[in-house]
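Values quoted throughout were computed directly from the atomic coordinates according to the rules given, and no laboratory measurement underlies them. Worth saying up front: this structure is predicted, and the values here are computed from it rather than measured. Virtual Cβ from ideal backbone geometry, glycine too; neighbours counted across all protein chains shown.
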Amino acid sequence: MRFNVTQTVPTDETSVSSNITGATNPAVTQDTIGSTICRAGWTATVRPPVAVTNAIKAASALAYGIAPGTRGELDHEIPLEVGGDPGSADDVANLWFETGPIPNPKDQIENELNHAICGGLIPLVRAQTAIAHRWPTAVEDAGLTQVGQRVCLHATPTRCVPR
């Protein structure tokens, strides 16, 4: 298993893994979102087993020089919720060690983008591009805004879905 150790290692919730491009799941397209990412429980059907992800997490931390015992999780650069590649022991292109609290702040952004895709506010590729580019601003970069407990189109703030 080889990691691109030139990738930026996130150290807190505002860090950006700017050199990681991520990878998408070829089974998830705009035409298949109804039977994939928009189906409740779908991510559990593609998520790698913990035994595999724990080994990848340990190797990733070692490759990045992260101290043993550092709190964090193995995360998907392009999340499963927006059609990211699940990864495997042989394919870590979409996996990175994200340091910090668990659950992490990125989780809420992933869910908001999923709701926006599945609610028809934005296309799949827009969400994938936004979160791969800079996850802390992905909601805004995708043309969305948060209004109370809803995610809305920035240009049409009356067009919303629940968060």
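Just order 127-136, 48-57, 77-86, 103-112 by mean Cβ neighbour count inside 10 Å, highest at the front, would you?
Details: 127-136: 21.1, 48-57: 14.8, 77-86: 24.4, 103-112: 17.2.
Output ranking for 127-136, 48-57, 77-86, 103-112: 77-86, 127-136, 103-112, 48-57.
Mean residue ellipticity at 222 nm from the helices of the chain, using -39,500 (n - 2.57) per DSSP H segment of n ≥ 4 over the full residue count, to the nearest 500 deg cm²/dmol?
Details: 5 runs with 48 residues, N = 163.
The helix contribution divided over the chain gives -8500 deg cm²/dmol.
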Rounded FRET efficiency, nearest 0.05, which uses the C-beta distance separating residue 156 from residue 45 and R0 of 45 Å: 0.85
Principal-axis tilt of helix 124-133 within the chain, Cα atoms, nearest 10 degrees: 40
Correct option for Kirkwood radius over Cα pairs in Å [calculated from the coordinates] among (i) 19.9; (ii) 17.6; (iii) 16.1: (iii)
Helix axis angle, 50-64 relative to the chain longest principal axis, alpha carbon, degrees: 70
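Between residue 146 and residue 31, what is 0.36 nm times their sequence separation minus the Cα-Cα distance? Round to one decimal in nm. Before the final figure, lay out the partial values.
On the way: separation 115, 0.36 × 115 = 41.40 nm, distance 2.62 nm.
Difference between extended and current length: 38.8 nm.
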